[in-house]
Amino acid sequence: MEGILAIWQRDLTKFFRDKARLFGSFTMPILFLLIFGGGMSGTMENMMTGSMGAAGGAEFNYVEFVFPGIVAMTLLMTSIFSALSIIEDKDFGYMKEILVSPISRVSIAVGKMLGAATVATIQGIILFILIPLIGLSYDYMALLQVIPFMFLLGSALSGLGLLFASFIRSTQGFQMTVQILVMPMIFLSGALFPVNNMPAWMDFIVKINPITYGVDVMKKIMIDLEGVSPVVREAMGLDLMVFGRQVSVFEEILFILGFAVLLVLLATLSFRRANA
Amino acid sequence: MAPVISVHDLRKTYKKLDAVKSINFEVEEGEIFGFLGPNGAGKSTTINMICTMLAPSEGSIMINGFDVKKQKNKVRESIGIIFQENTLDEKLTANENLMLHCRFYQVPKDKREQRIQEVLEIVDLVGQRKDRVETFSGGMKRRLEIARGLLHYPKVLFLDEPTVGLDPQTRAHLWEYILKLKEKEGITMFLTTHYLDEAEISDRVAIMDQGEIIAIDSPSALKGQLGGDIIELSTEDNQKALEEIHDKIDGAEVSLKDDTIHLKVSSSDVFISSIIKTLNIPITKLNIRKPTLNDVFLAFTGRKIGESDES
């Protein structure tokens with residue numbers, strides 16, 4: 001337990017000490033929000049007005065739908081890239097100090113995972129500060145409720161990063177691979193635009209993509225679904241169906257939890273046979 | 001006394017390469033054990049296996065009574081390792097590095113403060129405790145690593161090329177610290193080095209070559225196997241001195257070259273006092289040259305250390 005805490009704390013200390021990284025992590029999500037929120041909302045709202053008539057479209061605010069998606073996307077980027085710290089630790093030798101110590105290998109994996117998830121959650125919360133600035137309003141309770149889920153999602157995704165970091169030895173290789181992985185994960189998750197009416201093979205990717213469920217849960221917690229007309233709900237892809245039935249938030253959380261546990265176990269195995 | 005490290009029939013085989021071919025040795029408690037060999041001899045592989053970082057193909061290793069294969073964590077608690085390369089977190093302060101180590105090794109909370117102070121005193125870094133490691137010089141980093149390796153009171157301290165990349169003065173200092181440790185703490189040390197003169201401080205050395213241990217003994221005994229010492233001597237009257245030595249001292253090969261008398265003796269310790277006692281002629285110059293470990297290494301492996309390819 002103490003080992004997990006030590007590893008977690010070290011990663012956090014290093015995050016707050018690295019000024020460039022701190023700056024980047026503050027600005028990156030803001031940039032996303034400006035580009036996707038500001039840039040795409042005009043188009044999306046026009047499309048909605050076109051399909052629903054002026055009356056339906058007027059009450060529709062795309063930014064409200066895309067904001068949880070952008071938070072999820074920030075979580076994804078930060079969590080996965082935080083696993084880079086493992087490769088850095090290998091490069092700078094510190095991983096040896098960790099591996100020859102009597103800490104259990106599970107603790108190493110869990111400590112690293114929680115460290116990345118914490119940093120990611122902090123970034124997500126930073127985005128909340130922007131809510132009033134871009135003319136949005138979410139229920140405070142909903143925002144408080146979504147934070148633990150963000151942490152869970154961050155854990156699952158950093159587990160994914162951890163697994164990659166254990167296979168890939170170079171920083172460049174890691175960045176390349178993760179880039180390739182992250183792009184489709186974001187675009188085929190419904191984070192930035194609805195993923196309705198996709199070709200079958202793409203729909204398959206959407207349904208196995210853990211981000212899909214992460215984004216869906218975040219939207220369902222944050223957006224007041226009662227006040228949204230069924231047409232908008234459907235158009236924004238909020239009626240996520242798997243095998244022809246609608247999935248519940250509970251099932252989705254369970255899926256992500258399982259995903260996180262599985263990845264930690266895999267990462268632990270890789271530490272066990274590690275010879276850094 | 002029971003050995004702290006005992007290695008039996010240890011073997012590491014890779015697909016095409018026998019990196020370590022069935023080696024056996026024991027290290028006694030409190031001794032400094034030097035582990036020498038050219039690059040690629042299998043030294044690092046052996047150390048990695050002893051330190052639980054690499055699984056042996058065959059054989060057994062016991063450290064402090066624990067089996068390296070079955071009781072990894074007990075073994076890890078019993079050893080401290082100073083790796084060849086820097087393994088400090090340079091973005092953190094000295095104190096933070098040491099504190100993390102305490103937490104990794106579960107040093108009791110109420111003892112941490114005192115132990116950190118204690119190890120920093122040993123390596124003279126008390127004043128730098130709150131400084132970031134990135135501001136440290138190479139020698140300071142090494143000392144901090146040694147301090148860190150001692151925090152959990154290991155039974156055995158492994159020092160893998162501890163002085164590599166340091167200037168001669170810093171190197172000399174570092175050995176002072178290491179010897180101080182042996183005197184004060186009686187800690188067992190397992191050491192590898194490329195600088196053979198530094199291996200002289202070992203109580204015993206093992207020489208490894210091509211995956212096998214080809215010699216294992218005290219440095220003096222190993223050098224003794226090469227034959228005797230050389231005494232070089234000048235006096236005010238060399239001819240007369242030569243005669244006197246011939247008359248009164250047995251067992252020495254004596255020769256006169258230029259202005260110096262060369263005596264090749266089995267052990268200079270015995271001879272030197274009798275020479276000084278018997279000679280009536282004032283001595284102007286006296287030099288005793290012992291064979292060095294370098295000579296030993298050369299004799300056993302047929303090459304100088306560091307001469308083969310990189311491992």
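Kindly establish whether A:Gly115 is modelled with pLDDT of 85 or more, under 30 Å from B:Ile82 (Cα atoms), within 14 Å of chain B (Cβ to nearest Cβ) and touching a Gly at 6+ places or on another chain (Cβ under 7 Å).
Against the criterion (modelled with pLDDT of 85 or more, under 30 Å from B:Ile82 (Cα atoms), within 14 Å of chain B (Cβ to nearest Cβ) and touching a Gly at 6+ places or on another chain (Cβ under 7 Å)), A:Gly115 does not qualify.
Is it the case that some residue within region B:42-64 is assigned to a helix (DSSP H, G or I), touching a Leu at 6+ places or on another chain (Cβ under 6 Å) and either surrounded by 15 or more Cβ atoms within 10 Å (Cβ to Cβ) or free of Cβ contacts under 8 Å to residues at least 60 places away in the same chain (or both)?
Yes, that holds for at least one residue.
Counting only residues that are under 16 Å from A:Ile256 (Cα atoms), give me the helices (runs of 4 or more DSSP H) lying completely in region A:139-211 with at least 3 of them.
Ranges flagged: A:140-167, A:200-208.
Looking at B:Gly139, B:Gly149, B:Gly186, B:Gly165, which is the one that is surrounded by fewer than 21 Cβ atoms within 10 Å (Cβ to Cβ), modelled with pLDDT of 85 or more and either over 26 Å from A:Leu99 (Cα atoms) or assigned by TED's automatic domain parsing to the domain that holds B:Val27 (or both)?
B:Gly139
Taking the condition of being within 23 Å of A:Lys14 (Cα to Cα) and either in a loop (DSSP other than H, G, I, E, B) or within 14 Å of another protein chain (Cβ to nearest Cβ) (or both), how many residues in region B:110-124 meet it?
Total satisfying the criteria: 1.
Among the residues of region B:70-85, is there at least one that is among the aliphatic types (A, V, I, L, M), in a loop (DSSP other than H, G, I, E, B) and either within 26 Å of B:Tyr177 (Cβ to Cβ) or at pLDDT below 90 (or both)?
Within region B:70-85, not a single residue is among the aliphatic types (A, V, I, L, M), in a loop (DSSP other than H, G, I, E, B) and either within 26 Å of B:Tyr177 (Cβ to Cβ) or at pLDDT below 90 (or both).
Identify the residue in region B:261-310 that is within 19 Å of B:Ile214 (Cα to Cα) and hydroxyl-bearing (Ser, Thr, Tyr) and, among all such residues, is modelled with the lowest pLDDT.
This residue is B:Ser308.
Conditions (1) within 21 Å of the chain's Cα centre (by Cα); (2) surrounded by fewer than 19 Cβ atoms within 10 Å (Cβ to Cβ); (3) part of a helix (DSSP H, G or I), marked per residue:
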{"residue": "B:Arg11", "(1), (2), (3)": "no, yes, no"}
{"residue": "B:Lys16", "(1), (2), (3)": "no, yes, no"}
{"residue": "B:Val27", "(1), (2), (3)": "yes, no, no"}
{"residue": "B:Gly30", "(1), (2), (3)": "yes, yes, no"}
{"residue": "B:Asn39", "(1), (2), (3)": "yes, yes, no"}
{"residue": "B:Leu88", "(1), (2), (3)": "no, no, no"}
{"residue": "B:Asn95", "(1), (2), (3)": "no, yes, yes"}
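Please tell me if A:Ala235 is at pLDDT 85 or above and small (Gly, Ala, Ser).
No; evaluated as a whole, the condition is false for this residue.
Please tell me if A:Leu12 is closer than 24 Å to B:Lys91 by Cα and more than 11 Å from chain B (Cβ to nearest Cβ).
yes
For the condition surrounded by fewer than 17 Cβ atoms within 10 Å (Cβ to Cβ), farther than 18 Å from A:Val242 by Cα, modelled with pLDDT of 85 or more and hydrophobic (A, V, I, L, M, F, W, C), what is the one hit in A:Ile186, A:Ile221, A:Ile208, A:Ile180? Reasoning before the result, please.
Numbers: A:Ile186 fails: surrounded by fewer than 17 Cβ atoms within 10 Å (Cβ to Cβ); A:Ile221 fails: surrounded by fewer than 17 Cβ atoms within 10 Å (Cβ to Cβ); A:Ile208 fails: farther than 18 Å from A:Val242 by Cα.
Criteria check complete, one pass: A:Ile180.
So A:Met236 fits all but one of (1) within 21 Å of A:Phe81 (Cα to Cα); (2) crowded, with 21+ Cβ neighbours inside 10 Å; what number is the exception?
Of (1) within 21 Å of A:Phe81 (Cα to Cα); (2) crowded, with 21+ Cβ neighbours inside 10 Å, only one is false for A:Met236: (1).
Of the conditions (1) outside any strand (DSSP E or B); (2) more than 20 Å from the chain's Cα centre (by Cα); (3) surrounded by fewer than 17 Cβ atoms within 10 Å (Cβ to Cβ); (4) in contact (Cβ under 8 Å) with a residue 60 or more places away in the chain, B:Lys21 fails just one. Which one is it?
The number of the failed condition is (1).
Identify the residue in region A:3-20 that is surrounded by fewer than 14 Cβ atoms within 10 Å (Cβ to Cβ) and either in a loop (DSSP other than H, G, I, E, B) or in contact with a helix residue (DSSP H, G or I) (Cβ under 8 Å, 6 or more places away or on another chain) (or both) and, among all such residues, is modelled with the lowest pLDDT.
Of everything passing the filter in region A:3-20, A:Asp18 is modelled with the lowest pLDDT.
Within region B:57-87, restricting attention to residues that are more than 7 Å from every other protein chain (Cβ to nearest Cβ) and in contact with a helix residue (DSSP H, G or I) (Cβ under 7 Å, 6 or more places away or on another chain), which residue is nearest to A:Ser104 (Cα to Cα)? Working first, answer last.
The first filter runs over region B:57-87 and keeps only residues more than 7 Å from every other protein chain (Cβ to nearest Cβ), leaving B:57-72, B:74-75, B:78-80, B:82, B:84.
Restricting the remaining residues to those that are in contact with a helix residue (DSSP H, G or I) (Cβ under 7 Å, 6 or more places away or on another chain) gives B:61, B:63-64, B:66, B:68, B:80, B:82.
Details: B:Ile61: 21, B:Ile63: 19, B:Asn64: 20, B:Phe66: 17, B:Val68: 15, B:Gly80: 17, B:Ile82: 21 Å.
Taking the candidates together, the pick is B:Val68.
Given the criterion under 25 Å from B:Val296 (Cα atoms), of a type in the set (Val, Ile, Thr) and out of contact with any His (no Cβ under 7 Å at 6 or more places or on another chain), identify the matching residue among B:Val265, B:Val254.
Working: B:Val254 fails: out of contact with any His (no Cβ under 7 Å at 6 or more places or on another chain).
When all the criteria are applied, what remains is B:Val265.
Can you pull out every residue in region B:187-203 that is part of a loop (DSSP other than H, G, I, E, B) and polar (S, T, N, Q)?
The answer is B:Thr193, B:Ser202.
The values are calculated or read from the model by the stated rules, or taken from the named source; none is laboratory data. Note that the structure is predicted; figures quoted are calculated from it, not measured. Heads up, the Cβs are rebuilt from the backbone with ideal geometry, glycines too, and the neighbour counts pull from every protein chain shown.
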